[in-house]
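One structure follows; several queries about it will come next.
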Amino acid sequence: MTDWGVHLLDYALYGMKAGTPKSVMALGGKFAYPEDASETPDTLQTVFEYDGFSILWEHATGIDGGNYGRNHGIAFIGNNGTLVVDRNGWEVIPEEEFAGWGKKGTPKMEAVSYDKGNASGLDLHTKNFIEAVKTRDNSKLNAPIKVGYDAALVSHMGNVAFKTGNRIYWDGTSGKFKEEEANKLITANYQNGWKLPML
(Lines give C-alpha, C1' and ligand atoms only; values in the text may rest on other atoms or scores of the structure.)
Protein backbone atom coordinates (compact mmCIF):
# COMPACT_ATOMS: atom_id res chain seq x y z
CA MET A 1 0.00 0.00 0.00
CA THR A 2 2.78 2.44 0.86
CA ASP A 3 4.92 1.38 -2.09
CA TRP A 4 2.68 1.59 -5.16
CA GLY A 5 0.08 3.57 -3.22
CA VAL A 6 2.17 6.73 -3.16
CA HIS A 7 2.92 6.36 -6.87
CA LEU A 8 -0.72 5.99 -7.91
CA LEU A 9 -3.00 7.45 -5.25
CA ASP A 10 -1.46 10.86 -5.92
CA TYR A 11 -3.10 10.74 -9.40
CA ALA A 12 -6.48 10.12 -7.78
CA LEU A 13 -6.04 12.69 -4.99
CA TYR A 14 -4.76 15.43 -7.30
CA GLY A 15 -7.36 14.65 -9.95
CA MET A 16 -10.21 14.78 -7.45
CA LYS A 17 -8.75 17.74 -5.52
CA ALA A 18 -8.89 15.55 -2.41
CA GLY A 19 -6.82 15.30 0.75
CA THR A 20 -7.52 12.95 3.62
CA PRO A 21 -10.68 10.81 3.67
CA LYS A 22 -13.48 10.78 6.23
CA SER A 23 -13.13 7.03 6.76
CA VAL A 24 -11.13 4.02 5.59
CA MET A 25 -11.76 0.27 5.59
CA ALA A 26 -9.61 -2.53 4.20
CA LEU A 27 -9.75 -6.27 3.65
CA GLY A 28 -7.09 -8.64 2.38
CA GLY A 29 -4.33 -10.95 3.48
CA LYS A 30 -1.14 -12.76 2.60
CA PHE A 31 -2.65 -15.07 0.01
CA ALA A 32 -0.09 -15.10 -2.81
CA TYR A 33 3.13 -15.32 -0.78
CA PRO A 34 2.15 -16.34 2.77
CA GLU A 35 5.70 -17.31 3.76
CA ASP A 36 7.57 -14.13 2.76
CA ALA A 37 8.95 -11.70 5.35
CA SER A 38 6.55 -8.80 4.71
CA GLU A 39 4.07 -7.65 7.34
CA THR A 40 1.52 -6.10 5.02
CA PRO A 41 -0.89 -8.07 2.83
CA ASP A 42 0.03 -9.03 -0.71
CA THR A 43 -3.67 -8.88 -1.62
CA LEU A 44 -5.68 -5.87 -0.46
CA GLN A 45 -8.83 -3.91 -1.20
CA THR A 46 -9.19 -0.55 0.56
CA VAL A 47 -12.09 1.92 0.38
CA PHE A 48 -11.53 5.59 1.20
CA GLU A 49 -14.70 7.62 1.87
CA TYR A 50 -14.86 11.26 0.73
CA ASP A 51 -17.75 13.68 0.38
CA GLY A 52 -19.45 12.86 -2.92
CA PHE A 53 -17.13 10.02 -4.04
CA SER A 54 -15.00 7.14 -2.87
CA ILE A 55 -11.60 5.79 -3.88
CA LEU A 56 -11.12 2.05 -4.16
CA TRP A 57 -7.54 0.78 -3.95
CA GLU A 58 -6.81 -2.76 -5.02
CA HIS A 59 -3.56 -4.64 -5.32
CA ALA A 60 -2.60 -8.25 -5.82
CA THR A 61 1.16 -8.83 -5.73
CA GLY A 62 2.53 -10.83 -8.62
CA ILE A 63 -0.54 -10.46 -10.85
CA ASP A 64 -0.07 -8.41 -14.02
CA GLY A 65 -3.55 -8.83 -15.52
CA GLY A 66 -5.44 -6.10 -13.70
CA ASN A 67 -8.47 -3.99 -14.47
CA TYR A 68 -8.74 -2.52 -17.99
CA GLY A 69 -5.96 -4.89 -19.09
CA ARG A 70 -3.32 -2.98 -17.10
CA ASN A 71 -0.86 -4.10 -14.45
CA HIS A 72 -1.24 -0.74 -12.68
CA GLY A 73 -3.20 2.47 -13.02
CA ILE A 74 -6.02 4.69 -11.85
CA ALA A 75 -9.54 4.83 -13.30
CA PHE A 76 -11.72 7.92 -12.92
CA ILE A 77 -15.17 6.39 -13.38
CA GLY A 78 -17.89 8.85 -14.41
CA ASN A 79 -21.46 8.69 -15.67
CA ASN A 80 -20.43 9.25 -19.28
CA GLY A 81 -17.12 7.42 -19.41
CA THR A 82 -13.98 6.26 -17.62
CA LEU A 83 -10.56 7.88 -17.84
CA VAL A 84 -7.85 5.25 -17.30
CA VAL A 85 -4.36 6.57 -16.51
CA ASP A 86 -1.08 4.81 -15.81
CA ARG A 87 2.61 5.68 -16.07
CA ASN A 88 2.61 4.76 -19.75
CA GLY A 89 -0.43 6.63 -21.06
CA TRP A 90 -4.16 7.18 -20.86
CA GLU A 91 -7.45 6.46 -22.61
CA VAL A 92 -11.15 7.26 -22.27
CA ILE A 93 -13.68 4.43 -22.40
CA PRO A 94 -17.25 5.69 -22.99
CA GLU A 95 -20.31 4.47 -21.14
CA GLU A 96 -23.30 3.49 -23.26
CA GLU A 97 -26.96 4.50 -23.02
CA PHE A 98 -28.95 1.58 -21.63
CA ALA A 99 -30.74 -0.13 -24.55
CA GLY A 100 -31.87 -3.25 -22.71
CA TRP A 101 -30.06 -6.20 -21.20
CA GLY A 102 -27.59 -7.71 -23.65
CA LYS A 103 -28.11 -4.94 -26.23
CA LYS A 104 -25.48 -2.45 -27.33
CA GLY A 105 -26.38 1.14 -26.56
CA THR A 106 -25.25 4.44 -28.01
CA PRO A 107 -21.97 5.72 -26.50
CA LYS A 108 -22.50 8.68 -24.18
CA MET A 109 -19.26 10.28 -25.35
CA GLU A 110 -16.48 9.77 -27.85
CA ALA A 111 -13.80 7.24 -26.99
CA VAL A 112 -10.20 8.41 -26.80
CA SER A 113 -7.78 5.69 -27.87
CA TYR A 114 -4.79 4.82 -25.74
CA ASP A 115 -2.29 7.67 -25.95
CA LYS A 116 1.30 7.20 -24.79
CA GLY A 117 2.07 10.90 -25.03
CA ASN A 118 5.33 12.23 -26.41
CA ALA A 119 7.45 12.47 -23.25
CA SER A 120 8.40 10.56 -20.11
CA GLY A 121 6.23 11.71 -17.22
CA LEU A 122 8.83 10.53 -14.71
CA ASP A 123 11.57 12.53 -16.48
CA LEU A 124 9.39 15.66 -16.59
CA HIS A 125 8.45 15.24 -12.93
CA THR A 126 12.11 14.82 -11.92
CA LYS A 127 13.18 17.85 -13.96
CA ASN A 128 10.41 19.97 -12.40
CA PHE A 129 11.39 18.86 -8.87
CA ILE A 130 15.10 19.62 -9.44
CA GLU A 131 14.22 23.07 -10.85
CA ALA A 132 12.15 23.87 -7.74
CA VAL A 133 14.96 22.69 -5.42
CA LYS A 134 17.66 24.66 -7.29
CA THR A 135 15.59 27.86 -7.24
CA ARG A 136 14.26 27.19 -3.71
CA ASP A 137 10.82 28.05 -5.08
CA ASN A 138 8.15 25.45 -4.40
CA SER A 139 5.60 27.49 -6.38
CA LYS A 140 7.32 26.10 -9.49
CA LEU A 141 6.19 22.56 -8.65
CA ASN A 142 3.57 21.17 -11.03
CA ALA A 143 2.06 19.24 -8.11
CA PRO A 144 2.11 20.81 -4.64
CA ILE A 145 4.11 19.08 -1.89
CA LYS A 146 0.82 18.44 -0.05
CA VAL A 147 -0.26 16.01 -2.79
CA GLY A 148 2.73 13.80 -1.97
CA TYR A 149 2.14 14.17 1.76
CA ASP A 150 -1.53 13.23 1.39
CA ALA A 151 -0.68 10.25 -0.86
CA ALA A 152 1.72 8.89 1.78
CA LEU A 153 -0.73 9.53 4.63
CA VAL A 154 -3.67 7.97 2.77
CA SER A 155 -1.54 4.91 1.95
CA HIS A 156 -0.63 4.49 5.61
CA MET A 157 -4.31 4.85 6.52
CA GLY A 158 -5.07 1.81 4.36
CA ASN A 159 -2.52 -0.27 6.26
CA VAL A 160 -3.87 0.94 9.61
CA ALA A 161 -7.45 0.06 8.59
CA PHE A 162 -6.29 -3.41 7.55
CA LYS A 163 -4.43 -3.99 10.83
CA THR A 164 -7.38 -2.89 12.98
CA GLY A 165 -9.86 -4.91 10.94
CA ASN A 166 -12.39 -2.08 11.27
CA ARG A 167 -13.72 0.92 9.44
CA ILE A 168 -11.79 3.81 10.95
CA TYR A 169 -12.60 7.51 10.92
CA TRP A 170 -10.16 10.38 10.45
CA ASP A 171 -10.34 13.66 12.36
CA GLY A 172 -8.69 16.22 10.10
CA THR A 173 -8.60 18.83 12.87
CA SER A 174 -6.57 16.75 15.31
CA GLY A 175 -4.67 14.82 12.63
CA LYS A 176 -5.60 11.54 14.32
CA PHE A 177 -8.10 8.74 14.03
CA LYS A 178 -11.21 8.83 16.17
CA GLU A 179 -10.38 5.26 17.32
CA GLU A 180 -7.57 4.92 19.87
CA GLU A 181 -6.69 1.45 18.57
CA ALA A 182 -5.93 2.98 15.16
CA ASN A 183 -3.90 5.83 16.69
CA LYS A 184 -1.54 3.28 18.25
CA LEU A 185 -0.50 2.32 14.71
CA ILE A 186 0.26 5.86 13.50
CA THR A 187 3.90 5.78 14.59
CA ALA A 188 6.45 3.08 13.91
CA ASN A 189 7.07 0.32 16.44
CA TYR A 190 10.88 0.36 16.55
CA GLN A 191 12.70 -2.86 17.44
CA ASN A 192 15.83 -3.80 19.45
CA GLY A 193 15.94 -0.52 21.37
CA TRP A 194 16.36 1.61 18.25
CA LYS A 195 14.92 5.12 18.47
CA LEU A 196 14.38 7.76 15.83
CA PRO A 197 17.16 10.36 16.27
CA MET A 198 15.82 13.80 17.18
CA LEU A 199 17.62 16.83 15.73
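Where the second residue is of a type in the set (Gly, Ala, Ser) and in a strand (DSSP E or B) and the first is farther than 21 Å from residue 92 by Cα and lies in the range 47-68, which pairs have Cβ atoms under 8 Å and are six or more apart or on separate chains?
47/26; 47/54; 48/23; 48/54; 49/23
Name the residue, out of 165, 158, that is under 21 Å from the mean Cα position of the chain (by Cα), surrounded by fewer than 18 Cβ atoms within 10 Å (Cβ to Cβ) and either modelled with pLDDT of 95 or more or of a type in the set (Val, Ile, Thr) (or both).
165
In the range 3-19, is there at least one residue being of a type in the set (D, E, K, R), more than 21 Å from residue 166 (Cβ to Cβ) and modelled with pLDDT of 90 or more? It would help to see each step written out before you state the result.
Going residue by residue through the range 3-19, those that are of a type in the set (D, E, K, R) are 3, 10, 17.
Narrowing further to those that are more than 21 Å from residue 166 (Cβ to Cβ): 3, 10, 17.
Still in the running and modelled with pLDDT of 90 or more: 10, 17.
Yes - at least one qualifying residue is present in the range 3-19.
Name every residue in the range 14-49 that is buried (at least 17 other Cβ atoms within 10 Å of the Cβ) and either aromatic (Phe, Trp, Tyr) or touching a Lys or Arg at 6+ places or on another chain (Cβ under 9 Å) (or both), in order of residue number.
14, 23, 24, 25, 26, 41, 42, 43, 47, 48
Next question, about the same structure. Quick check on the range 115-133. Is at least one of its residues surrounded by fewer than 11 Cβ atoms within 10 Å (Cβ to Cβ) and touching a residue at least 60 places away in the same chain (Cβ under 8 Å)?
The answer is no; no qualifying residue exists.
Working only within the range 86-143, note down all residues that are assigned to a helix (DSSP H, G or I) and acidic (Asp, Glu).
123, 131
Let me ask another. Considering only residues of the range 67-110 that are loosely packed, with under 11 Cβ neighbours inside 10 Å and at positive phi, which is modelled with the highest pLDDT?
Applying the filter and picking the extreme gives 100.
To continue, here is another question. Give the range 141-169 a look and list any residue that's of a type in the set (Phe, Trp, Tyr) and closer than 11 Å to residue 10 by Cβ, or say none.
Matches in the range 141-169: 149 only.
The values are calculated or read from the model by the stated rules, or taken from the named source; none is laboratory data. This is a predicted model, so every value here is computed, not measured. With ideal geometry, Cβ positions are generated from the backbone for all residues, glycine too; neighbour counts draw on all protein chains shown.
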